[in-house]
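Here the structure is laid out as structure tokens; the discussion comes afterwards.
The values are calculated or read from the model by the stated rules, or taken from the named source; none is laboratory data. Owing to the predicted nature of the structure, the values given are computational and were not obtained by experimental measurement. Backbone-built Cβ (ideal geometry, glycine too); neighbour counts: all protein chains shown. These area figures cover heavy atoms from the full protein model, side chains too; ligands, DNA and RNA do not enter into them. Shrake-Rupley method; radii C 1.70, N 1.55, O 1.52, S 1.80 Å.
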Amino acid sequence: MVVNVISKIGKGLNVTALTSQSFIERLIQEDYKFFTGVPCSLLSGLIYELEDQKGEARYVPSVREDAAVGLCVGAYLAGSMPVLLMQNSGLGYCLNAFTSLNLIYKIPALVIMSWRGKAGKDAPEHIIMGDIDQALLKTAGMEYSILSEENCDEVLKKAKQKICDEKLPYTLIIEKGLFDERH
Amino acid sequence: MKGTEAFQELIPLINDEPVVHANGFICRESFALKDREANFYMIGSMGLASSIGLGVALCKPDKKVIIIDGDGNVLMAMGTLAMIAAEAPKNLIHVVIDNEVYESTGSQRSISSKVRLDEVAKSTGYKNILRVEKKEKIKAAFLKLKDSEGPNFLLIKVEPGFDPATGRVTHTPEEITDRFMRSIG
Ligand SMILES: Cc1ncc(C[n+]2csc(CCOP(=O)(O)OP(=O)(O)O)c2C)c(N)n1
Ligand SMILES: [Mg+2]
């Protein structure tokens, strides 16, 4: 984890290093205030940061990803901009919620989805979803970007635009190593 | 009592509270009886009325929030009962119209005849739980739960008997969102 952070600082001359802490602070600054989800090790740094929040932002642990979608919908209807954190294995649970709730009611959310099973290199249970998750999003008409330190500004701007103007969920795909993992 | 009678007792007790409805006949009964801007008619996403209601309640702590759920919906998302109990919003009332069937799809039996949903709510940690079987009892039970700190659970045991002539929700999903958000402010 320490190695990871240092290597990123080394790379970025004109960008602030992308860390779990800086990313969560950034989201809160951008007025995302309601966070929920089901953990993934690739998102563990982010979720620990959220659990430590003392201000208005809060993290509500969900028991399933589709329940987290419901929670996000309720938060949005009540005026808070929601963020859903999940492993891509949760996407299957969410598809009915996205297609029969968010997409037809025009209710957005920022979805932060880890990418297990990338390039077929992972535990067996992740291989198929790691291969098809982006196709599933596309088929459902849901836009996404693979987040990196370099494209972070641009991607968050695009997400904001989709969310605020088109009222659609927008997904940020998180690869292993982008954020620190904590145990 | 028939489900319809339960709605006839319950709906007049609701003032300006936001109400999130489970899908199927529950939306239609409420819509036909009294359409309101503060009604969120969830026409798809079976099981999620409870999590939507929880989200609203957490983000609007000063408003009483009502969920009108069905037994099939609750059984599909039983983990959400645990989330409601864990987050413990004081302003949430979860009403379940329990006809022991999936009436909207042809009255196939559900398992709520064997599993007591009020006991489930109780063991997860809801604050006040009431179960009513007679329509004369609905008013007192609901008002009592509305006046006590939640999360509260009202189980209304009913017989199936939906009138298929009852209208469908005529608002588009987008209109439902806009109206609800406007009403909640
Ligand atoms: C995921 C999903 N599965 C199945 C259905 C079909 N369906 C629509 S309403 C309903 C029954 C809901 O049962 P309950 O909550 O008990 O309400 P009731 O119809 O008895 O009023 C079902 C199974 C659906 N809409 N979505
Ligand atoms: Mg039923």
With the structure loaded, tell me whether B:VAL74 is touching a helix residue (DSSP H, G or I) at 6+ places or on another chain (Cβ under 7 Å) and either at the interface with chain A (Cβ under 10 Å from one of its Cβ atoms) or more than 16 Å from ligand 2 (Cβ to nearest atom) (or both) or whether it fails that test. no
Within segment B:33-47, residues in contact with a strand residue (DSSP E or B) (Cβ under 7 Å, 6 or more places away or on another chain) and facing chain A (nearest Cβ under 8 Å) come out as B:PHE40, B:MET42
Please tell me if B:SER30 is within 7 Å of chain A (Cβ to nearest Cβ) and open to solvent by less than 40 Å² (accessible area, probe 1.4 Å). no
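Report yes if some residue within segment B:56-71 is open to solvent by less than 10 Å² (accessible area, probe 1.4 Å) and within 8 Å of another protein chain (Cβ to nearest Cβ); otherwise report no.
yes
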Residue that is farthest from the other protein chains (Cβ to nearest Cβ), among those in segment B:90-117 that are away from ligand 1 (no atom under 15 Å from the Cβ) and open to solvent by less than 10 Å² (accessible area, probe 1.4 Å): B:ILE93
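Condition check ((1) within 11 Å of ligand 2 (Cβ to nearest atom); (2) farther than 19 Å from B:MET1 by Cα; (3) touching a helix residue (DSSP H, G or I) at 6+ places or on another chain (Cβ under 8 Å)) across all residues:
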residue: B:THR105; (1), (2), (3): yes, yes, no
residue: B:ARG109; (1), (2), (3): yes, no, no
residue: B:ARG131; (1), (2), (3): no, no, yes
residue: B:LEU145; (1), (2), (3): no, yes, no
residue: B:PRO151; (1), (2), (3): no, yes, yes
residue: B:PRO164; (1), (2), (3): no, no, no
Condition first: more than 8 Å from chain B (Cβ to nearest Cβ) and either surrounded by fewer than 24 Cβ atoms within 10 Å (Cβ to Cβ) or not hydrophobic (A, V, I, L, M, F, W, C) (or both). Now tell me which residues in segment A:64-98 satisfy that. A:GLU65, A:MET81, A:GLN87, A:ASN88, A:SER89, A:GLY90, A:LEU91, A:GLY92, A:TYR93, A:LEU95
Does A:ASP52 count as within 10 Å of chain B (Cβ to nearest Cβ) and among the charged types (D, E, K, R)? no
Condition check for B:LYS127: more than 14 Å from every other protein chain (Cβ to nearest Cβ), within 16 Å of ligand 1 (Cβ to nearest atom) and over 14 Å from the mean Cα position of the chain (by Cα): no
From the option list B:ALA121, B:ALA165, B:ALA85, single residue qualifying as closer than 29 Å to A:SER100 by Cβ and touching a Pro at 6+ places or on another chain (Cβ under 8 Å) is B:ALA85
Of A:LYS167, A:LYS157, A:LYS138, A:LYS118, the only residue that is surrounded by fewer than 18 Cβ atoms within 10 Å (Cβ to Cβ) and more than 22 Å from A:VAL69 (Cβ to Cβ) is A:LYS157
Which ones in segment B:124-148 are loosely packed, with under 13 Cβ neighbours inside 10 Å and assigned to a helix (DSSP H, G or I)? B:GLU136, B:ALA140, B:LEU143, B:ASP147
Tally time: how many residues in segment A:138-183 are out of contact with any Gly (no Cβ under 9 Å at 6 or more places or on another chain), of a type in the set (Lys, Arg) and part of a loop (DSSP other than H, G, I, E, B)? 2
When you go through B:GLU17, B:GLU5 one by one, which is the residue that is in contact with a strand residue (DSSP E or B) (Cβ under 6 Å, 6 or more places away or on another chain) and surrounded by fewer than 21 Cβ atoms within 10 Å (Cβ to Cβ)? B:GLU17
